[in-house]
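A quick write-up on the structure given underneath.
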Amino acid sequence: AGKSQDELMLKDECILVDEHDNIRGHANKHSCHRFVPEQPQGQLHRAFSVFLFDESNRLLIQQRAKDKITFPSVWTNTCCSHPLFGQQPEEVDKPEQGVGAGQRSPLALLMYDGIMQHE
């Protein structure tokens, strides 16, 4: 059986960065997304968003499930996640069939870094 959301939030380690994207450590997703007085915006960490457009340039958005731990019921981008501490991009980045190296799917734009925001 798969792990629960709570278990994954405690197990998965996000990459902590400073305002210039310099790696400063790692912390689990739960800690990164914990909004408390001593860290009102959580901990700054690497994340990525996927924006999927159709041939009419319409953006596919999603409403997060109401039982999600972070940002329940919020309307958001097509997909988002985190590169995890200890993983190399080649471990998780497998080209889609029909999209080779140096090519981009006409429907998807992946924004991995370069955008500084708090989730």
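The values are calculated or read from the model by the stated rules, or taken from the named source; none is laboratory data. Nothing here was measured: the structure is a model prediction, and the numbers come from that model. Every residue, glycine as well, gets a Cβ built from its backbone with ideal geometry; the counts of neighbours run over all protein chains shown. Ligands, DNA and RNA are excluded from the accessible area calculation, which covers all protein heavy atoms including side chains. Shrake-Rupley method; radii C 1.70, N 1.55, O 1.52, S 1.80 Å.
The residue of the stretch 1-56 that is surrounded by the fewest Cβ atoms within 10 Å (Cβ to Cβ), among those that are part of a loop (DSSP other than H, G, I, E, B) and among the small types (Gly, Ala, Ser), is Ala1. For residues that are open to solvent by 80 Å² or more (accessible area, probe 1.4 Å) and out of contact with any Pro (no Cβ under 8 Å at 6 or more places or on another chain), tally how many sit in the stretch 57-85. Final tally of qualifying residues: 8.
Cβ separations smaller than 6 Å between residues 6+ apart or across chains give the following pairs from the stretch 5-20 residues that are in contact (Cβ under 8 Å) with a residue 12 or more places away in the chain and farther than 15 Å from Gly42 by Cβ to residues that are in a loop (DSSP other than H, G, I, E, B) and open to solvent by 40 Å² or more (accessible area, probe 1.4 Å): Gln5/Ile69.
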